[in-house]
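Just dropping this structure here.
The values are calculated or read from the model by the stated rules, or taken from the named source; none is laboratory data. No experiment lies behind these values; they were computed from the predicted model shown. Neighbour counts run over all protein chains shown; Cβ positions are idealised from the backbone, glycine included.
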Amino acid sequence: MFGENVKLGVNSGDIASGGVEKCCGIFDAFLTNCTVGDNCRIAKIGVHIANYNIGDDVCIENVGRMETKPGSTFGNGVEIEPINEGGGRELTLFNRLDSQFAHLLCLHKYRPQLNTALAKIAEQEVKKARADRGTVGNGARIANVKNIEDVCIGESAVIESSASLVNGTVLSSQNAATTVGADVQAEDFIIGEGSTVDSGAIVCKSFVGQGCQVGKQFSSEGSAFFANCEAFHGEACSVFAGPYTVTHHKSTLLIAGVFSFYNAGSGTNQSNHLYKLGPLHEGKLERGCKTGSFSYMMWPCRVGPFSVVLGKHTRTFDTADFPFSYIEATAEGRCQMTPGFNFTTVGTVRDGAKWPARDRRKGDVKRDRISFDVLSPLTVGRMLRGSARMKELQDTTDRKISSVTLNGAEVKRVLLRTGQKNYRTAIHMYLLEKVVSHVEAALVADATSIADAVKVSSDAILSEDWVDIGGQLMPQQRLCDLAAAAANGDVKDLDSLNAPLDAATDAYETDEWAWVCWAYQKAFGSSLADATADDLAKIADDLAAVRGKFLNLVLADARKEFDEVVQTGFGQDGTEADVAADFTAVRGEYETNKFVQQINNDIAALNDRVEKFKAQVSAL
């Protein structure tokens with residue numbers, strides 16, 4: 001049956017529905033104020049479909065009610081409160097939202113002119129989304145859904161057996177189809193292309209970015225998840241989940257925090273409410289952090305990049321300048337830190353390799369800008385500062401004192417020297433690797449002299465400090481320039497904001513090289529601009545030594561996974577001789593492990609690379 005203003009396309013042929021070909025047409029349905037494209041099937045609509053533009057090759061079956069109210073914005077314009085549950089860091093959702101925009105809006109409240117510009121951009125984007133009719137894109141499949149209200153559904157999206165979708169947008173494209181599955185309840189939401197939300201997930205006042213996976217009864221309230229996040233079983237409340245945030249376990253609560261490239265252990269939780277003025281506290285785990293099972297942190301805290309947090313922390317601490325640290329709670333809840341301990345672990349090395357390979361974004365547009373480097377001007381710069389701080393304490397601390405305190409974190413005095421050694425290895429390996437790689441690339445580009453091979457581009461921007469803006473690394477000066485442009489009125493819309501961010505992505509290697517040249521002189525006391533062929537040969541030899549040592553330390557950490565103690569419990573119901581055989585059958589052997597083989601291949605290739613490099617530079 002039809003109400004007013006219904007326009008139908010050609011309804012011939014068949015269409016796939018649940019793996020079965022069914023004839024196109026409209027059966028047992030009431031449509032009003034709708035446009036239906038060609039070759040669609042609409043059947044078994046319980047109440048009605050009202051105010052929708054439905055594309056070609058769409059199948060809608062067994063839907064209770066599907067309607068749009070005039071003036072809907074489909075989740076655009078919903079204001080959420082990530083990071084601080086008590087408010088103050090509000091984020092407005094819109095379809096083209098990315099992690100950089102969200103980071104700047106939420107975390108740079110101290111830049112009022114930038115915030116004003118960003119708020120106007122969000123308002124513009126919301127106005128673009130406002131419409132009196134919802135849309136269903138070409139090739140979409142919608143079946144067995146109780147209620148769809150004020151929801152736009154993108155091309156090739158699959159909405160199957162969901163409970164209720166209210167005031168939202170399901171972004172989708174033919175090469176990055178989005179799925180919303182069984183028993184999902186979503187209200188005031190936007191879901192990005194290529195994502196999957198299913199298995200009873202509850203998504204309320206939340207943004208789910210591109211390539212994400214949310215399901216298995218996960219609950220999200222007032223949170224934003226950006227590219228390639230995974231969220232299962234647990235709960236998120238007022239969370240800013242930057243790219244590759246992963247939480248897989250029941251009883252895990254992420255609350256009022258900033259995370260990225262993060263892995264939450266089972267039972268991980270934080271506390272943002274001290275029962276005084278309300279849930280006003282917030283925390284920040286910088287890129288690459290992990291938390292162990294049942295770890296707890298009382299906000300506010302800040303954890304430096306690529307650190308591991310274990311235990312129940314009831315004191316606040318800030319380890320931003322001490323990346324790659326091992327952070328454990330004492331029995332009294334104090335933070336005890338081992339600086340740099342996590343640098344040579346297998347897990348850190350594997351993380352750096354796996355993230356680029358696990359980018360699930362398939363669409364033509366990848367909105368979040370992501371820098372994957374583990375060692376970068378950000379992390380190495382932090383280690384330079386951390387080393388200087390530890391040396392100062394080592395020189396000034398009485399030997400009778402057993403431990404010192406760094407921004408709320410306790411460090412055993414004897415570990416100050418070890419921490420500097422760990423950082424020195426990382427700093428030197430990064431700088432030497434970058435010099436050799438840059439000169440190698442220059443030689444491929446036909447550099448005719450050493451000066452030409454090591455020169456810094458005039459377009460490069462040099463900042464001593466680098467920043468991580470929602471997963472994108474850049475010199476701090478580029479961020480300051482962006483803020484200045486906003487203050488001058490040059491950031492008028494989303495495209496004019498994206499242009500300098502995209503430029504920063506394009507200039508990453510150029511800016512990084514300028515920083516490497518600066519940091520090399522700081523670390524080694526000599527300028528690359530004055531380097532000779534002999535100097536470059538020595539740099540290559542030093543790289544072989546430091547990187548070879550690093551890779552052997554990683555192998556030693558990997559070998560622990562094959563120690564006798566790890567074989568405990570193997571050989572069930574057999575003899576002692578059966579333990580090793582059972583372990584080998586299940587876990588394989590150390591020598592044939594793929595990761596171990598790859599590291600050994602890297603060690604073997606390192607010497608060949610160095611010798612080839614030395615021969616090339618000697619000819620300049």
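What tally of residues in the range 16-42 results from selecting those that are surrounded by fewer than 19 Cβ atoms within 10 Å (Cβ to Cβ) and either hydrophobic (A, V, I, L, M, F, W, C) or under 16 Å from Ile148 (Cβ atoms) (or both)?
Number satisfying all stated conditions: 6.
Only helices (runs of 4 or more DSSP H) wholly contained in the range 427-541 count here; list those with 3 or more residues that are in contact with a strand residue (DSSP E or B) (Cβ under 9 Å, 6 or more places away or on another chain) and modelled with pLDDT of 95 or more. Lay out the reasoning, then the answer.
Values: elements: 450-454, 476-487, 494-506, 508-524.
Result: 476-487, 494-506, 508-524.
State all residues of the range 132-188 that are part of a strand (DSSP E or B), touching a strand residue (DSSP E or B) at 6+ places or on another chain (Cβ under 8 Å) and of a type in the set (Gly, Ala, Ser); if no residue qualifies, say none. Before the answer, list the steps.
Keep residues of the range 132-188 that are part of a strand (DSSP E or B), which gives 134-136, 141-153, 158-160, 164-170, 173, 176, 179-180, 185-188.
Subset that is touching a strand residue (DSSP E or B) at 6+ places or on another chain (Cβ under 8 Å): 134-136, 141-153, 158-160, 164-170, 179-180, 185-188.
Once the filter is applied, which keeps residues that are part of a strand (DSSP E or B), touching a strand residue (DSSP E or B) at 6+ places or on another chain (Cβ under 8 Å) and of a type in the set (Gly, Ala, Ser), the range 132-188 yields Gly134, Ala143, Ser164, Gly168, Ala186.
Consider the range 365-389. How many of its residues are in a helix (DSSP H, G or I) and free of Cβ contacts under 8 Å to residues at least 24 places away in the same chain?
1
Residues of the range 33-68 being more than 40 Å from the chain's Cα centre (by Cα) and farther than 22 Å from Val10 by Cβ, which ones?
Answer for the range 33-68, where residues must be more than 40 Å from the chain's Cα centre (by Cα) and farther than 22 Å from Val10 by Cβ: Gly46, Val47, His48.
Here are Ser371, Ser293: which of them is farther than 28 Å from Leu432 by Cα, among the polar types (S, T, N, Q), under 23 Å from the mean Cα position of the chain (by Cα) and surrounded by fewer than 22 Cβ atoms within 10 Å (Cβ to Cβ)?
One residue alone meets the criteria, Ser293.
Yes or no, residue by residue, for (1) farther than 22 Å from Lys421 by Cβ; (2) among the hydrophobic types (A, V, I, L, M, F, W, C):
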| position | (1), (2) |
| --- | --- |
| Ser293 | yes, no |
| Trp299 | yes, yes |
| Val308 | no, yes |
| Lys312 | yes, no |
| Ala320 | no, yes |
| Ala329 | yes, yes |
| Gly333 | yes, no |
| Gln336 | no, no |
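Is there any pair with a first residue in the range 154-168 that is over 11 Å from Val203 (Cβ atoms) and in contact (Cβ under 8 Å) with a residue 12 or more places away in the chain and a second that is of a type in the set (Gly, Ala, Ser) and not in a loop (DSSP other than H, G, I, E, B) whose Cβ atoms are under 7 Å apart and which are 6 or more apart or on different chains, and what are they?
Partner pairs satisfying both residue conditions: Gly154/Ser173; Glu155/Ser173; Ser156/Ser173; Glu160/Ala143.
In the range 189-211, how many residues are over 17 Å from Gly234 (Cα atoms) and either among the polar types (S, T, N, Q) or outside any strand (DSSP E or B) (or both)?
Summing the residues that are over 17 Å from Gly234 (Cα atoms) and either among the polar types (S, T, N, Q) or outside any strand (DSSP E or B) (or both) in the range 189-211 gives 7.
If you don't mind, there's one more thing I want to ask. Checking Ala16 against (1) in contact (Cβ under 8 Å) with a residue 24 or more places away in the chain; (2) over 13 Å from Arg141 (Cβ atoms), only one condition comes out false. Which one?
Only one criterion in (1) in contact (Cβ under 8 Å) with a residue 24 or more places away in the chain; (2) over 13 Å from Arg141 (Cβ atoms) is unmet by Ala16, namely (2).
Can you say whether Val309 is under 20 Å from Leu93 (Cβ atoms) and outside any loop (DSSP other than H, G, I, E, B), as far as the supplied structure shows? Talk me through it step by step, then tell me what you get.
Working: under 20 Å from Leu93 (Cβ atoms): no; outside any loop (DSSP other than H, G, I, E, B): yes.
No, not satisfied.
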